[in-house]
Amino acid sequence: MQTIMVHDKLFQPYLSAAVIDEKVSAIANQINKDYEGKHPLFIAILNGSFIFASDLFKKISIEAEICFIKLASYKGTKSTGQVITAIGLDTDLFNRHVIIIEDIVDTGKTLHEFLPQLHHQHPASLKIAALLHKPAATVHHIHVDYSGFSIPNKFVVGYGLDYSGLGRNIPEIYELVD
Ligand code: 5GP
């Protein structure tokens, strides 16, 4: 098995490019069926989802739009805790069929904080497509409508996901060797 070093840590192969591609096709096919005639708006959450979003969107054959946002989190007051704001969300979501594209749902904290802000704009529907999901890490339950792989609670890199800024350009997904 070919292990690789990213920064100071050792990673081993976990999901091959072919396996990922097959899954992305399956998700795209399902979305093509579910959203025919609905002109959905994909919202890809940067940075981690950029490769998944690009590969997925290429396989979307129905009329659709995509935009990219970045989430910035800062500490609010004691009662509000962590506050998350979206940078770059300049499309009106009212009455739109929205599909969030995430790289990975880990604890679920990010989407738990962010989804109510989207619901606030009264989209016609709001669903989530996430390539990876770590059920064992759940703090806030998030229903992932289009889920690629359920994975163990291990740190992964590649296919857009980084470790300290590196590894996003690896075409496969690797997991930390512990
Ligand atoms: P959550 O708020 O669900 O805990 O975390 C979401 C974000 O944490 C993801 O979008 C991703 O950027 C980052 N993250 C969570 N788990 C991993 C992982 O195993 N590897 C990498 N590279 N990032 C992760």
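Since every read-out is calculated from the coordinates, none of them should be taken as a lab result. If you're wondering where the values come from, they're calculated on a predicted model, not measured in any experiment. All Cβ positions, glycine included, derive from the backbone under ideal geometry; neighbour counts span all protein chains shown.
H120 to E36: FRET efficiency via 1/(1 + (r/R0)^6), r the Cβ-Cβ distance, R0 22 Å, to the nearest 0.05?
On the way: r = 28 Å, r/R0 = 1.25.
Once the sixth-power term is evaluated, E becomes 0.20.
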(request) Describe numerically, in nm with one decimal, the distance between label points set 7 Å from Cα along Cα→Cβ at V83 and at H141. (result) 3.0 nm
(request) Specify whether the C-alpha gyration tensor of the range 76-156 places it in the rounded, prolate or oblate class, a ≥ b ≥ c being the square roots of the eigenvalues: rounded for a/c under 1.5, otherwise prolate if a/b is larger than b/c and oblate if not. (result) oblate
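Determine the percent antiparallel among the DSSP beta bridges restricted to the range 102-178, to the nearest 5.
Details: 4 of 11 bridges.
Close to 35 percent.
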(request) First select every other residue whose beta carbon is under 10 angstrom from the beta carbon of G160; then total the charges, Lys and Arg +1, Asp and Glu -1. (result) -2
(request) Note down the relative contact order for the chain as a percent, whole number, built from C-alpha pairs under 8 angstrom at least six residues apart. (result) 25 percent
(message) Going 7 Å from the Cα of L46 along its beta-carbon direction, which residues of the range 86-113 have the amide nitrogen within less than 18 Å of the resulting point?
(response) 86-92, 100-104
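If you scale each eigenvalue of the Cα gyration tensor by 5 and take the root, what three semi-axes come out for the range 9-84, rounded to whole angstrom and sorted largest first? Mind showing how you got there, number by number?
Working: eigenvalues 163, 97, 19 Å².
After diagonalising the Cα gyration tensor, the semi-axes are 29, 22, 10 Å.
Once the piece of chain linking Y74 and I4 is laid out straight, how much longer is it, given 0.36 nm per residue of separation minus the C-alpha distance between them?
Values: separation 70, 0.36 × 70 = 25.20 nm, distance 3.35 nm.
Length difference between fully extended and current span is 21.8 nm.
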(request) Compute from the Cα atoms of the chain the Rg and the Dmax, the latter being the longest Cα-Cα distance, and quote both in angstrom. (result) 16.5, 49
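Taking the highest mean first, how do the peptides 33-42, 105-114 order by number of other beta carbon atoms within 10 angstrom per residue?
Ranked by mean Cβ neighbours within 10 Å, highest first: 105-114, 33-42.
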(message) To make sure I understand the rule: partners must be lysines, Cα under 23 Å from the Cα of K109, and not fewer than 8 residues away in the same chain. Which ones qualify?
(response) K70, K75, K78, K127, K134, K154
